[in-house]
Amino acid sequence: MNILGPDGLVFGVDNVAACNQYLTDYGLIPRDVSAQGGRFEGLDGTYVEIRRADDPSLPPALPTGSTLRKTIYGVADAATLEQIAEELGRDREVKRLDDGSIETLDDMGFALGFQVSIRRPLEAADEIVNCPGARQNRGVNVIGAAVDKDIVPVTLSHVVYFVPDQHKAEAFYVERLGFRVADRFTNLGPFLRPAGTLDHHTLFMVHTPPHMQGVEHFTFHMANPSDLLQAGKRFQDKGYESFWGPGRHIFGSNWFWYFNSPMGVHVEYDADMDLHDDSWEPRACESSEDASQIFNFTLVDNWMPGGDPH
């Protein structure tokens, strides 16, 4: 099935104003924002949507009260949408919505939507880095550090679910929707990618007790590690609390920086994720600090050379 990846995430929250401000400060582009919520887009149109928790149009919340109410996947074409509707309709209700999308539940009870993708084509310049001995990438007298650079997250990257049964959850996405396992933490769960992307993962699942079921984090791809660090520093300077990072993962190789959020989930910036095709052989190991990150920084306040960094 030609599923490209997540087009959007829909949250039902109590403090709409705080969530609207958070996603704006994170760097997403606000669309139709009001006291009832709004839509916040990356450069390619993938998005996070905020609505009031009591909005009757939302799918019901999980019994745990998770604020994520729906994950919407973009597919390549109408034929793929029909293929998914037929496959999942064999054993569960599949609703057809007025906008042409379909809606159902996965085997863990998470609400899923599928739509012909709304992603806009992107044209980005190559990463510009001067490396001794390599072809000159950044021209003479071209400045690399831009203090006032406009940085916008590029595209919705992935979401991480807490699930009470990692094996049942994995089977649904692999056997019913054609996702592939990229790597696996044996004590937690798999990193999964759908057939329509080479990204290392668009979904990671973490085995947890049933009372914790919900979402750990979501993230948007940044254009490069420099943008990730600069955007994260700006975000921190606005008063948002860093949770983990900045650093770089091992599985996926992506740079990361996670922040706490008023949505009750962590929100990450990521950059430079591995790409894999179907010839890739998944790795497996038990999760640990050493297996999770190749490095992880702890930042201090700005300081001048010769000053006290503490």
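The values are calculated or read from the model by the stated rules, or taken from the named source; none is laboratory data. Keep in mind it's a predicted model, so treat the numbers as computed, not measured. For neighbour counting, all protein chains shown are included, and Cβ atoms are generated from backbone atoms with ideal geometry for every residue, glycine included.
Some points to look at:
- Restricting the first member to region 1-22 and to residues that are closer than 27 Å to THR197 by Cβ and among the acidic types (Asp, Glu), and the second to residues that are in a loop (DSSP other than H, G, I, E, B) and modelled with pLDDT of 95 or more, the beta-carbon pairs closer than 6 Å and six or more apart or on different chains are ASP7/THR46; ASP7/SER117; ASP7/ILE118.
- From the list PHE256, PHE235, the one residue that fits, being out of contact with any Ser or Thr (no Cβ under 7 Å at 6 or more places or on another chain), under 20 Å from CYS19 (Cα atoms), modelled with pLDDT of 95 or more and of a type in the set (A, V, I, L, M, F, W, C), is PHE235.
- Members of region 27-41 that are without any contact (Cβ under 8 Å) to a residue 60 or more places away in the chain and crowded, with 19+ Cβ neighbours inside 10 Å: GLY37, GLY38, ARG39, PHE40, GLU41
- Which listed residue, of ILE29, ILE84, is more than 30 Å from LEU228 (Cα to Cα) and in contact with a strand residue (DSSP E or B) (Cβ under 9 Å, 6 or more places away or on another chain): ILE84
- Single residue of THR46, THR67 found to be within 30 Å of GLU87 (Cβ to Cβ), in contact with an Asp or Glu (Cβ under 6 Å, 6 or more places away or on another chain) and among the polar types (S, T, N, Q): THR46
- Leading residue by the ranking (farthest from the chain's Cα centre (by Cα)) among those in region 161-202 that are β-branched (Val, Ile, Thr) and crowded, with 22+ Cβ neighbours inside 10 Å: VAL163
- Complete set of residues in region 91-137 that are assigned to a loop (DSSP other than H, G, I, E, B), in contact with a strand residue (DSSP E or B) (Cβ under 9 Å, 6 or more places away or on another chain), in contact (Cβ under 8 Å) with a residue 24 or more places away in the chain and not acidic (Asp, Glu): SER101, MET108, PHE110, SER117, ILE118, ARG119, LEU122
- Residue that is surrounded by the fewest Cβ atoms within 10 Å (Cβ to Cβ), among those in region 66-90 that are in a loop (DSSP other than H, G, I, E, B) and charged (D, E, K, R): ARG90
- Tally of residues being closer than 30 Å to ILE102 by Cβ and basic (Lys, Arg) across region 117-141: 2
- Scan of region 250-294 for residues that are more than 27 Å from ASP14 (Cα to Cα), among the polar types (S, T, N, Q), touching a strand residue (DSSP E or B) at 6+ places or on another chain (Cβ under 7 Å) and in a loop (DSSP other than H, G, I, E, B), ordered by number: ASN254, SER287
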